[in-house]
Ligand code: ATP
Ligand code: MG
């Protein structure tokens, strides 16, 4: 029997290599580009997991044919790390030895070693395993990974517990038609539209909970803001004293994300030329007041909801008036909110709920939930739902729940808006849309 000892296997980063100028180093990665400058001198740029490292191959006595090391080969280059002001990281590796770890079987379908990835969105998505290797594409998802991480970091810092809830569910929380059905050993079940019921159940256990996970929406259309599977960053908290507690926690979370992102992803933000917004506080406007503002500039068909243009009109107005890219819209009409939404005791026509709009697009819906058993049962009946179908959910109300609420924040929507992407599909590694389930 052999023993496996713990070893961290850390990777060499450019900043660590730079500290080793004057010594022999080793870099492993894919050949990103070979630039032959003369018959016995060329640059080989190695793409590591995050960076491009400049290596120089000199002298015919090495008898290394640089053409062997064309794009896609995985190599380990060994050589002296030397200072080089003209190199992007301020050093380069003067190669003494190259070991080829693996060779591709074919040429890449398009070049990923240009500054811009000059292919259309469909080709990009068809060849996702390759197109994602482009530094610009990769940067989007490095930033997205950091956003999700920072969302969790902000919440766990203030006592939230991370949970993992099932995605195969018996009852859809949001209701409506956009739910995928599934045959589950002969029973009809659904793919979760949100972790709503489960996160509420967990408020009774941990008080404050969050989850980042997939949710499924059978939206029968393709738009620049809808996916059929997306990552929802959710939290739920109780006891609360008002639904504004939830908006305050979201503001704190977003500020944490925006403050910390440059520390973690400066390289990627610079590569994508992104200027992040700055949040001190976020203005809030009542839904009814928002409608008055919007109708001055845009004809709306449904006065109980904000369509895509309404969101843009309102955001433009807020930006002009107070300079904020973000705006909370509160007190949405009860008819447009789910059965678990708490109505305003002063006006049951509206709910203690909100959306957060960012730069013309809804990125969050949240609000206070009903915690009282008879109130919830009565509302289900009013909506034509049978409370017996919700027996397991209603246990929380029956056996006592604090006043509570929470929200869902779409990770891809936030990424799209922060990075100024045209379509939400660009902010998803492997988007699922009506016409796309591969790769
Ligand atoms: P919309 O009105 O824009 O279709 P919604 O109000 O139906 O969205 P919610 O149920 O409120 O969506 O979902 C909460 C959040 O999840 C949204 O604010 C958004 O960030 C994200 N989201 C909702 N639907 C989608 C989708 N189909 N694709 C990507 N993200 C979504
Ligand atoms: Mg919504």
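Bear in mind these aren't lab numbers, they're just calculated from the coordinates by the rules spelled out. No experiment lies behind these values; they were computed from the predicted model shown. Heads up, the Cβs are rebuilt from the backbone with ideal geometry, glycines too, and the neighbour counts pull from every protein chain shown.
Packing here is the average count of other Cβ atoms within 10 Å per residue, and on that basis the peptides 351-357, 257-263, highest first, run 351-357, 257-263.
Between rounded, prolate and oblate, where does the range 285-439 land on the alpha carbon gyration tensor, with a ≥ b ≥ c its root eigenvalues, rounded for a/c under 1.5, else prolate if a/b exceeds b/c? It comes out oblate by the Cα gyration axes.
Each helix, a run of at least 4 DSSP H residues, gives -39500 (n - 2.57); summed and divided by the residues of the chain, these come to -9000 deg cm²/dmol at 222 nm. Out of every Cα-Cα pair that the range 14-102 contains, those further apart than 21 angstrom amount to 20 percent. Fewest neighbouring Cβ atoms within 10 Å first, the residues 303, 436 line up as 303, 436. DSSP assigns beta bridges within the chain; of those with both partners inside it, close to 90 percent run antiparallel.
Just checking the listed ones, 242, 102, 232: in the Gaussian network model of the chain with Cα springs under 10 Å, the one fluctuating most is 102. Sorted ascending by nearby beta carbons within 10 Å, beginning with the fewest, 202, 342 become 202, 342. The relative contact order of the chain comes to 13 percent, based on Cα pairs under 8 Å that sit 6 or more residues apart.
For the options 300, 279, 322, a Gaussian network treatment of the chain with springs between C-alpha atoms closer than 10 Å singles out 322 as fluctuating the most. Take the Kirkwood radius over Cα pairs of the chain, plug it into Stokes-Einstein at 25 °C and 0.890 mPa s, and you get 99 µm²/s for translational diffusion. A simple packing score, the average count of other Cβ atoms within 10 Å per residue, orders the peptides 243-253, 49-59 as 243-253, 49-59, with the highest score first. Taking the alpha carbon gyration tensor of the range 48-140, multiplying each eigenvalue by 5 and rooting it gives semi-axes of 27, 17, 10 Å, largest first.
Working from Cα pairs under 8 Å separated by at least six residues, relative contact order for the range 14-102 is 33 percent. Between the alpha-carbon centres of the range 390-439 and the range 289-320 there is a gap of 24 Å. When you count the other C-beta atoms within 10 angstrom of each residue and take the mean per peptide, 188-199, 33-44 line up highest first as 188-199, 33-44. Who wins for biggest fluctuation among 411, 17, 254 in a Gaussian network model of the chain, springs between alpha carbons below 10 Å? Judging by the Gaussian network model, the answer is 17.
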